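One structure is given below, encoded as structure tokens.
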Amino acid sequence: MIQLEFVAWRSLFRNAVAGLRRKPKPVPAAIDYTLRLSSALRVYNLTHAIHDVLCAVAKLEVEAGHATIPAICHRLSCTYQCVMQHFLKNPELFARDSAHKPARYRLTPEGVRLLVKIKTRISKHEG
């Protein structure tokens, strides 16, 4: 008898139960961007840290015409040694002007091309 009542109640509230089901959540845009960025960096064999330094140098170069290590450290909240290691390991991406103190850095044409390739690859996969 209880089973019959349950079926009767379920048929009465069928529409209410359907509204309580969880709908699949869409992937947030920030997660989607992070996945595309990770994919692009893997294709070009780069780390997120070097990408951050490239972006910081590019932004400072646009704002002030050059970037210095202290300005990059301030922008990224990282240590001097961290930024310096990226400059030493990737000299083809950064140009140094040592006539000024502190030394001024800019992106080389190869560094700019690499950032453009990454940005193009990220935006190509946007839905």
Tabulated pairs, segment 74-103, first among the polar types (S, T, N, Q), second surrounded by 10 or more Cβ atoms within 10 Å (Cβ to Cβ) and at pLDDT 90 or above, C-beta under 7 angstrom, 6+ apart or interchain: Thr79/Cys73; Asn90/Ile50
Residue within segment 81-88 that is in contact with a strand residue (DSSP E or B) (Cβ under 7 Å, 6 or more places away or on another chain) and at pLDDT below 95 present: yes
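Out of everything in segment 48-92 that is of a type in the set (Asp, Glu) and within 20 Å of the chain's Cα centre (by Cα), what residue ends up being farthest from Tyr105 (Cα to Cα)? Even if it seems obvious, please write down each step before you answer.
First, pick out the residues of segment 48-92 that are of a type in the set (Asp, Glu): 52, 61, 63, 92.
Still in the list and also within 20 Å of the chain's Cα centre (by Cα): 52, 61.
Details: Asp52: 15, Glu61: 8 Å.
The qualifying residue farthest from Tyr105 (Cα to Cα) is Asp52.
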Qualifying position, being assigned to a strand (DSSP E or B) and farther than 13 Å from Asp52 by Cα, among Arg96, Arg121: Arg96
Tally, over segment 60-81, of residues that are in a helix (DSSP H, G or I) and surrounded by fewer than 16 Cβ atoms within 10 Å (Cβ to Cβ): 8
Subset tally (residues that are surrounded by fewer than 16 Cβ atoms within 10 Å (Cβ to Cβ), touching a residue at least 40 places away in the same chain (Cβ under 8 Å) and in a helix (DSSP H, G or I)) for segment 33-51: 3
Pairs, first under 20 Å from Thr79 (Cα atoms) in segment 52-65, second surrounded by fewer than 16 Cβ atoms within 10 Å (Cβ to Cβ), C-beta under 6 Å, six or more apart: Asp52/Leu76; Ala56/Leu76
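The values are calculated or read from the model by the stated rules, or taken from the named source; none is laboratory data. Note that this is a predicted model, so its numbers are computed, not measured. Quick reminder, even Gly has a Cβ in these numbers, built from the backbone with ideal geometry, and neighbours come from all protein chains shown.
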